[in-house]
Amino acid sequence: ASAKAVMYTLALQPTSTTQTITPDGDVEATDVIGVPTPGGGSGIYARVASASDAEYAQFSDGGVLEVSLSDPVEPSSTADHEVHYRARYSGGASSGSVTVRLMQGAVQIASWPQALTGSFADYSHTLTGLEAGAITDYDDLRVEITAETA
């Protein structure tokens, strides 16, 4: 044996069973503004990703915002896929709702309506196993939101 050697230890840590995938880019923003106005090099997605009631996307009636999502580690199961968001109606509206769509590129994976209240509230939607199983490219996931007010 030589007097010289290399020694090391190695451990593999499994990925977390819970990942948070956040918006990382604007794909489409029609009749939507970021509050406060995003700075240079940023977009409305940064307001949506802030998870703060002081930073948000403000929609006109019929406004559409589609954001790309950060690249996750591909899960090994189609279980426990959830979309979480906070929303409210305001600006003199007496009611409001959004339609949320989970997209993979131009392909719709899931869609659901959500009635809103006049105060920020937490909402979530759990994908069915078929919907989660339809995802073939986690790097191309997007969320599209369309707002309606009365």
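Work the Kirkwood hydrodynamic radius out for the chain: mean of 1/r over every pair of different alpha-carbon atoms, inverted, in Å.
Details: mean 1/r = 0.0582 Å⁻¹.
Computed over Cα pairs of the chain, the Kirkwood hydrodynamic radius comes out at 17.2 Å.
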Open item on the list: Viscosity 1.002 mPa s, temperature 20 °C: give me the Stokes-Einstein translational D for region 27-115 in µm²/s, with Rh taken as the Kirkwood radius over C-alpha pairs.
Closed with: 145 µm²/s
Task: In Å², nearest 10: area of Arg88 left accessible to a 1.4 Å probe - done: 100 Å²
Task: Alpha-carbon Rg/Rh ratio, for region 94-150, with Rh computed the Kirkwood way - done: 1.04
- [ ] Check each of the chymotrypsin sites (Phe, Trp or Tyr not before Pro) in region 43-146 and keep only those in coil by DSSP with at most 15 other C-beta atoms within 10 angstrom; list them in order.
- [x] Phe120
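State, as an integer percentage, the relative contact order of the chain based on alpha-carbon contacts under 8 Å between residues 6 or more apart. Can you show the working numbers first?
Values: 280 pairs, mean separation 38.1, N = 150.
It comes to 25 percent, rounded to a whole number.
The values are calculated or read from the model by the stated rules, or taken from the named source; none is laboratory data. Quick caveat: nothing in here was measured; it's all calculated off a predicted structure. In this analysis, Cβ positions are derived from the backbone assuming ideal geometry, glycine residues included, and neighbour counts consider all displayed protein chains. Side chains are part of the model used for accessible areas, which takes the heavy atoms of the whole protein and leaves out ligands, DNA and RNA. Shrake-Rupley method; radii C 1.70, N 1.55, O 1.52, S 1.80 Å.
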